[in-house]
Structure formats: C-alpha cells, structure tokens
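Read through the structure below, which is laid out as structure tokens, and then see the notes.
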Amino acid sequence: MLFAHGYGCDQNMWRHVVPAFESEYRVVLFDHVGAGGSDLTAYHRSKYGSLDGYAEDILEICDALDLDNVVFVGHSVAAMMGVLAARRDPARFDKLVLVGPSPRYIDDGDYRGGFSAEQIEDLLRSLESNFLGWSAQMAPLIMGNPDRPELGEELTNSFCQTDPDIAAHFAGVTFLSDNRADLADVDTPVLVLQCSADVIAPDEVGAFVHASLPNSTFHKLDAVGHCPNLSAPEETIAAIRSFL
Amino acid sequence: MIDSPAPEPVVQANSYDRAPCGLITMTRSGEIVRANQTFRRWIGMDGTQPSVRFFDVLGVGDRIFWQTHVGPLLDLQGEVHEIAVELSSVDGSPLPSLINARILEPSQPGALIDVVLFPAKDRRSYEQELLWARQRAELSEEQARVLATTLQRSLLPPSLPTVPGLDLGAAYRPAGEGAEVGGDFYDIFQLTTDEWLIAVGDVCGKGPEAAALTALARYTIRGAAMETDDLAEVFNAVNTTLLHDRSDRTCTAVVGRVSPTSAGHEVRVCTAGHPLPRLVAATGDVVRVGSSGMLLGAYERAEQEEDRVHLEEGDALVFFTDGVTEARRGHDFFGEERLHTLLESAAKLSASGIARVVADAAVAFQDGNPRDDVAVFVVRQLPVG
C-alpha cells in the first residue's frame, strides 16, 4: 500500500491509519518533493507546475522499490496524482483509494467545484499572511538539515511548515488543476471516500468523481471536514478495509 | 470575625464575557458551542441564529488554510499559535485577527477546541506593508538583473560572423548571479574584404559606469582600427579617449588583426596590460603570444608592441580576460599552469568547445559563483583549400 499525503502537510497525515494495515501489507510512505522532509533543492517549478510531475514521482517510487499490485491511497490533491499515475501505468496498480478527491476545485459552467477563481486568490493571501513565521532564521534550520528532522520538530508550528514560495506554487497548481478528463481513462477499481461537510471537496464533487470513473465504489463517511484520516481514523480504516 | 464572602463567581462570568479578546469553544467541524460576548458582538451573533459555524465567519482562503494546515497541526501538536485570519465582522468589514487554539482530548471524536482571538488590525497592516516592501525589493532586484543582462548583451556581438577558413568561438560568464553588469567584452569585426579585427578587453570595475566605458572602449577600437593599420595607434586612440573621460577608470585589452596567408592565417597581436593570448597548436603545445604593453587610461602615452603569429590547420589562438587566470578559490588562483593543462587537453575541440571548456573550468573553480567576469574568445584555423 502506497500512501500519498495531500496539500498542506506531510506523511504524518497517515499516522493514525497506517498501523492498521502494516501487518497485512507492505506499507510505503513518502513526502512529496517540496513538503515535509523532502529535499527542497529537488523542487523545480517546471516539473511540479502540474500534477503530472507528482504522478511521475509516484511511478518512480513504484519503480525504485519494485512495487507491484499497488493499492494507492491518496488524500486530497494526491488522489488525482494517483489517478494520473494509474492512467499512465495501469499495470502497476491493483486498486486506488481516493480520500476527499476533487478533479477541479473551481466552478466551471455547470460543474460545481465549490470555489471561484477569486476565492483561490484569497487562499494565496491567507498563505502569505501565515508564512510570516517562516523567517530567514528558521528556513535554513528546516531546509538545511533534511537528514536531521528533529531540528525541525523543535520549532513550533513546524509540521505543515513549507517554504512559502513552494507552498504558494503548490497551492496554485493544486487549486487551479483540472483533471476531470483523466477520470474516464482509469479502469482500475477505485474507492471514492467522501467526507461530510467538506468545504474543500463537497459532496457533489465526490459524486462527479464517482460518476466519471468507469469502475468505482462510492462511500460516504460520517466524518466531518477534509481530513478523516486525522479526525476519524477508525471509520476511514473500516471503509478502506471493506473495499480491499 | 466575620468575612463577607467575595463575589468571585460573578466576576469570573463577567471576565469571560467581557474579556478583551474573543473566546470560543467549538467542535472539530467548526460548530460553535460557546462564545463570549466580545466575540458575539464582533460577528453580530445575537443569540437568535440557530447556530453559527466558525468557518462561516472566516474568508474562503482562511477556511481552506484551516482545513489543510491548522486542523492537522492542532491534531498533532494539540495547540496552534499566532494563526492569522480575517473574520467577517457584523458590519461586513474584515477583522484581521490572530488565533491561538488548543484541542482538548484530540483522540476523542467529539473533541472540543478552545479558541482565543485577538484583533490585530495594526499589526497586520504593518506586516502587510513589510510584505509589500519585500515584494517591491524582489521586483527591483529582478528588474536590475534584467537591466544588467540586457546591457551586458549590448556590449557583446549578438552572434559571431562567418569568416572563411576560420572557426570562431566565444564564451562569457558574468560575475556573481548576473545582477550587475561587468566590464569584460569581446568583439570581432571586418576591416577589409578578408581582414578582421578581434578585440578582448576588461574595463576595471562593474556597474553602469563601467558598462558605459566598455561601450566607449569597444567603439573607439572599432573606429580607430578602420583608420589605421598600426595596432599600437588603435590603443593610443583608446588611451586618449579614456583619459578625456572624466572617470578614473582604466582598461586592459588585446587586439588581433587577422589576415589570410597561403598556409592559413597570420594574426598580428598587440596587448595593453592584458593577459597574453595563448597559441594552442594542433599538437597540443601551448605558448604565450606577444608581450604585455601598458594598460590604457592611466598614462599620457601608452606603449605597446606588435607580434605576429601564424595559424595553420588545427591551431587555435585563445584570448581571455583575467577572470580566468585570476579565478580564486581560498588563497589558490586558477593560474597559468591549470590553464595550459586544460588547453593541452582541449586542443582538438572546436573553437566554441575550447571557449566553453575554459570559461566553465574558471567558473567551476569558484564553485559556480565567479567573483569576476570571465570572457574567452577563440579563433581556430580550419583545413586550408
């Protein structure tokens, strides 16, 4: 099982879920380049200017670790990265679990993604005002010692703390992405996990994903919000387990 | 003695409601289960609404930020500090605030979150101004870089001409990150139907003033070389021009006048305080060409001597600036020995191959961050006939 975290934080997002599968599955966790303990010097705007760059990394991980019959579990924007990876190399993947997926966040004609383009601008402003804590003193500590994560842990609010330029770029790539057309090409069995009252990926978006995928199962969680892996790990685990 | 009981509980209830900050308790999904008067007044909660969700009084951006960052952070650390948000206040105006929050019993599904909100209008506008100042500074830096690169490009030929029988190559690497225009230049232009003049020079200093002088030196060489066949006279013209210019800057340069011969080409070389060009024979032998004359712009009369060198098939003449030989790493200079070893091994390359190898080696010697400009110009004899 390969777990991919979404926009915002790092592989820590899976810490309540992963232990349930460790005895039965080989579990692989990673941080996207630009997030968590990844090598920030490997972040190239051109490569990570679309979700394809991230999908490429997922396939590279599969390749490097020689993974087959992969169960890919992707949260938030990583759900679409998994869709893109499975579209490119279907033979790798046995099943996909998409937690709170959205193929497009911005409304478009009849499609309701939940956001307007102006609201995404608003998000970028929120990011800007909240990265004041990423001071010049702090950045080298986190960035310069990827092999010594304990240095980062000592800093308050450091979890989820990303280089502001990368965070803004990743936010733009995430919230301006449009992968609706890719869904139809994925024949892999997919579980769509839809949260309740999710402001980021609302019900109708989950329903759209389910309807667009040729081979998918839809499961609505009672869990409220966008991160059931944190707020309702038991329910999330049970849903994944019954699908597998 | 009779103690009258202190009216403590009343005071406490009032302090909660009247605290000079917003106090709320909410569920993970943002349903406000308790809020003090201060907060209710800010957002216009008068108790008649059925229920207000905390996320409803946040802007959309803050809502996403909360879901993707703050929520997970609370869950992991139990607390968050100084999170900047904007509340929509009762009169519709945004109320910038800072939030501290603590989650009680994060492992419980019905866990509650205590939130303290401080209005931070002044602080936020100050921070906003700092942010704008930084953005402006970054923009100016970028503009300066573009200006420097554009100016620099104007000091070098946009492309090298095609000269029958000769292979030409050039490489230029600006000092530092290219934010400042340097004083190195190279040039090649036609004198007669089959004669050409090569010039490589270095005006001391950097920046716009050095750039202006570089252009002056380059065009004085061009003008003078059309007038006289005597290379020392060309330098004399540059010397006079620089002396008349009000800046105290000096310039070093080397020129080569190239004419065809039956076996290849002859190059008459004249040097003014500049590193001597190297003749790299087809066999790999490397020798200095010419003798160092006086630099330009310092003395009333500059004196230089001319030397001749013959290029036969495969021979290359390599002009360069001191950015190559004086490239430093700690106390160590790139130096002539390294240059000669490099040229011996590069003897079989094309002119542009040699130029690139030399410039790249000088830059790599300084860990990719050259402290001075590096210019290299190479002319190589092609097979005759």
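The values are calculated or read from the model by the stated rules, or taken from the named source; none is laboratory data. All of these numbers come straight from a predicted model, not from anything done at the bench. With ideal geometry, Cβ positions are generated from the backbone for all residues, glycine too; neighbour counts draw on all protein chains shown.
Would you confirm whether any residue within the stretch B:233-243 is within 13 Å of B:Gly297 (Cα to Cα) and without any contact (Cβ under 8 Å) to a residue 24 or more places away in the chain? For the stretch B:233-243, residues within 13 Å of B:Gly297 (Cα to Cα) and without any contact (Cβ under 8 Å) to a residue 24 or more places away in the chain: present.
Quick check, is B:Ala375 touching a residue at least 12 places away in the same chain (Cβ under 8 Å) and either not in a loop (DSSP other than H, G, I, E, B) or not charged (D, E, K, R) (or both)? It is true that B:Ala375 is touching a residue at least 12 places away in the same chain (Cβ under 8 Å) and either not in a loop (DSSP other than H, G, I, E, B) or not charged (D, E, K, R) (or both). Against the numbered list (1) within 14 Å of another protein chain (Cβ to nearest Cβ); (2) at pLDDT below 85; (3) surrounded by 14 or more Cβ atoms within 10 Å (Cβ to Cβ), B:Ala148 comes up short only at (1). B:Gly290: buried (at least 21 other Cβ atoms within 10 Å of the Cβ), in a loop (DSSP other than H, G, I, E, B) and modelled with pLDDT under 95, yes or no? Considered against the rule, which asks whether it is buried (at least 21 other Cβ atoms within 10 Å of the Cβ), in a loop (DSSP other than H, G, I, E, B) and modelled with pLDDT under 95, B:Gly290 comes out as yes.
Would you check if there is a residue in the stretch B:284-296 being out of contact with any helix residue (DSSP H, G or I) (no Cβ under 6 Å at 6 or more places or on another chain), basic (Lys, Arg) and within 21 Å of B:His340 (Cα to Cα)? Within the stretch B:284-296, one or more residues are out of contact with any helix residue (DSSP H, G or I) (no Cβ under 6 Å at 6 or more places or on another chain), basic (Lys, Arg) and within 21 Å of B:His340 (Cα to Cα). Applying the criterion of at least 2 residues that are within 49 Å of the chain's Cα centre (by Cα) and either surrounded by fewer than 17 Cβ atoms within 10 Å (Cβ to Cβ) or of a type in the set (A, V, I, L, M) (or both) to the helices (runs of 4 or more DSSP H) found wholly in the stretch B:18-130 leaves B:60-65, B:71-77.
If the Cβ limit is 8 Å and pairs must be 6+ apart or interchain, which residue in the stretch A:44-60 that is in contact (Cβ under 8 Å) with a residue 24 or more places away in the chain pairs with which residue that is acidic (Asp, Glu)? Close Cβ pairs satisfying both conditions: A:Leu59/A:Asp89.
For A:Ile58, are the conditions met, namely being part of a helix (DSSP H, G or I) and within 14 Å of chain B (Cβ to nearest Cβ)? So A:Ile58 fails the test. Looking at (1) more than 25 Å from B:Leu213 (Cα to Cα); (2) outside any helix (DSSP H, G or I); (3) over 31 Å from the mean Cα position of the chain (by Cα); (4) touching a residue at least 12 places away in the same chain (Cβ under 8 Å), which is the one condition that is false for B:Asp367? All conditions are met except number (3). A search for C-beta distances below 8 Å between a residue of the stretch B:156-184 that is on the phi > 0 side of the Ramachandran plot and any residue that is among the small types (Gly, Ala, Ser), counting only pairs 6+ apart in sequence or on different chains, returns B:Gly165/B:Gly264; B:Gly178/B:Ala148. Among the residues in the stretch B:21-37, are any away from every other protein chain (no Cβ under 14 Å), more than 13 Å from B:Ile113 (Cα to Cα) and out of contact with any Lys or Arg (no Cβ under 8 Å at 6 or more places or on another chain)? Among the residues of the stretch B:21-37, at least one is away from every other protein chain (no Cβ under 14 Å), more than 13 Å from B:Ile113 (Cα to Cα) and out of contact with any Lys or Arg (no Cβ under 8 Å at 6 or more places or on another chain), which makes the answer yes. Scanning the stretch A:1-35 for residues that are touching an Asp or Glu at 6+ places or on another chain (Cβ under 6 Å) and more than 13 Å from every other protein chain (Cβ to nearest Cβ) returns a single hit, A:Asp31. Residues in the stretch B:85-129 that are modelled with pLDDT of 85 or more and either facing chain A (nearest Cβ under 9 Å) or on the phi > 0 side of the Ramachandran plot (or both): B:Val85, B:Glu86, B:Pro96, B:Ala111. Kindly provide the set of residues from the stretch B:334-364 that are among the basic types (Lys, Arg) and either modelled with pLDDT under 90 or not in a helix (DSSP H, G or I) (or both), ordered by number. Within the stretch B:334-364, just B:Lys348 meets the criteria.
Please determine whether any residue of the stretch A:36-55 is within 14 Å of chain B (Cβ to nearest Cβ), more than 20 Å from A:Leu127 (Cβ to Cβ), outside any loop (DSSP other than H, G, I, E, B) and under 15 Å from the mean Cα position of the chain (by Cα). Within the stretch A:36-55, not a single residue is within 14 Å of chain B (Cβ to nearest Cβ), more than 20 Å from A:Leu127 (Cβ to Cβ), outside any loop (DSSP other than H, G, I, E, B) and under 15 Å from the mean Cα position of the chain (by Cα).
Take the conditions (1) of a type outside the set (A, V, I, L, M); (2) within 36 Å of the chain's Cα centre (by Cα); (3) farther than 18 Å from B:Trp196 by Cα; (4) at pLDDT 90 or above; B:His331 misses just one of them, which is (4). The sole residue among A:Val224, A:Val192 that is within 12 Å of another protein chain (Cβ to nearest Cβ), of a type in the set (A, V, I, L, M, F, W, C) and in contact with a strand residue (DSSP E or B) (Cβ under 6 Å, 6 or more places away or on another chain) is A:Val224.
Of the listed requirements (1) modelled with pLDDT under 80; (2) over 20 Å from A:Ala201 (Cβ atoms), A:Asp94 misses just one: (1). B:Gly297 meets each of the listed conditions (1) closer than 30 Å to B:His244 by Cβ; (2) in contact with a Lys or Arg (Cβ under 7 Å, 6 or more places away or on another chain); (3) surrounded by fewer than 22 Cβ atoms within 10 Å (Cβ to Cβ) apart from (3).
I want to confirm something. Restricting to the stretch A:89-113 and keeping residues that are over 18 Å from the mean Cα position of the chain (by Cα), not in a strand (DSSP E or B) and not acidic (Asp, Glu), which single residue is farthest from the other protein chains (Cβ to nearest Cβ)? Once the filter is applied, the top-ranked residue is A:Ala91. Looking at B:Leu213, B:Leu191, just one residue is crowded, with 21+ Cβ neighbours inside 10 Å and more than 22 Å from B:Leu276 (Cβ to Cβ), and that residue is B:Leu213. In the stretch A:232-242, of all residues being of a type in the set (A, V, I, L, M, F, W, C) and surrounded by 17 or more Cβ atoms within 10 Å (Cβ to Cβ), the one that is nearest to the other protein chains (Cβ to nearest Cβ) corresponds to A:Ala232. How many residues does the stretch A:204-231 contain that are in contact with an Asp or Glu (Cβ under 7 Å, 6 or more places away or on another chain) and either aliphatic (A, V, I, L, M) or surrounded by fewer than 18 Cβ atoms within 10 Å (Cβ to Cβ) (or both)? The number of residues fulfilling the criteria is 6.
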